[in-house]
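The block underneath contains the structure these notes are about, expressed in structure tokens.
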Amino acid sequence: MSTKDCNLNYLRELTNSLNGRDEDLKKHTELVQLVFDNCPAGLVIWAVDKNLIFTLSEGRGLKNLGIKEGQSIGKSLYEYFDTVDDSFEPIQYHIQALNGTPVKYDFTHLGRVWHTHCTPVLNKINEVVGVAGCAFDITEYVEQQQKIEELEKIIKDAETCSQDKMELIRKLV
């Protein structure tokens, strides 16, 4: 067997290996996209790097924000929210996550209420390299809670009014 044959066999094996890896990567990518496409309608998932630049922006809930998947990639949180204020709530919480502390908060943005989680993204040596976030649009839930509270107040006021009337009747009798 010549050196040429050995090199050819090696190149065939390498090509087959790379083709297999590419096929596995394609299947994985398709699965991830399928999961994102079938997430609940109000879910948004994103990631930012240490400079708060979007590296991922996915989820059907993006429609509620008027943007498309991936549209924010390359933009900073400051650009997205049109602010330079580090104390602006979402930026403040992302900075906390960059400092290693996972956070949860509710935030109203573009007329929608978002229940949000931000967590540090760690590399293989446990250094924070960014933040992963997810938010669920809870607007309808919040609106229903407000209606329930209003109805409870009306019922309580009606009960108080009835009790006042009963006291007045007792005094008259």
Completion exercise
Checking rank on 73-84, 100-111, with mean other Cβ inside 10 Å and highest first, the result is 73-84, 100-111
Practice task
Classify segment 36-162 as rounded, prolate or oblate from the Cα gyration tensor: take a ≥ b ≥ c as the square roots of its eigenvalues, call it rounded if a/c is under 1.5, otherwise prolate when a/b beats b/c and oblate if not.
Solution key: prolate
Problem - Long-range amide H partners of ILE138 with built H, under 5 Å - result: VAL113, TRP114, HIS115
Practice task
Work out, step by step, the length gained on full extension between TYR141 and ILE125: first 0.36 nm times the residue separation, then minus their alpha carbon distance; give nm to one decimal.
Solution key: 1.7 nm
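Leaving out ligands and nucleic acids, and using a 1.4 Å probe, what accessible area per residue does segment 60-143 come to in Å²?
Working: 4950 Å² over 84 residues.
On a per-residue basis, segment 60-143 sits at 59 Å².
Please quote Rg/Rh for segment 57-119 to two decimal places, taking the Kirkwood radius as Rh and restricting both calculations to Cα atoms. List each step's numbers first, then the result.
Details: Rg = 11.9 Å, Rh = 12.6 Å.
Reported Rg/Rh, Kirkwood definition of Rh: 0.94.
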Practice task
Please give the length that would be gained between LYS27 and LYS104 if that part of the chain were fully extended, namely 0.36 nm times their separation in residues minus their C-alpha to C-alpha distance (nm, one decimal).
Solution key: 24.5 nm
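Which FRET efficiency, nearest 0.05, do ILE148 and LEU34 yield, Cβ-Cβ r, R0 41 Å? Present the calculation step by step, with values, prior to reporting the outcome.
Values: r = 37 Å, r/R0 = 0.89.
So, using R0 = 41 Å, E works out to roughly 0.65.
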Exercise for the section: Tell me which residues come under 5 Å, amide H to amide H, from VAL121 once H is placed; ignore anything under 5 positions away on its chain. Expected result: VAL129, GLY130, VAL131, ALA132
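The values are calculated or read from the model by the stated rules, or taken from the named source; none is laboratory data. The shown structure was predicted, so the numbers you read here are calculated from the model rather than taken from an experiment. Quick reminder, even Gly has a Cβ in these numbers, built from the backbone with ideal geometry, and neighbours come from all protein chains shown. Each accessible area value is taken on the protein alone, full model and side chains, heavy atoms only, with ligands, DNA and RNA left out. Shrake-Rupley method; radii C 1.70, N 1.55, O 1.52, S 1.80 Å.
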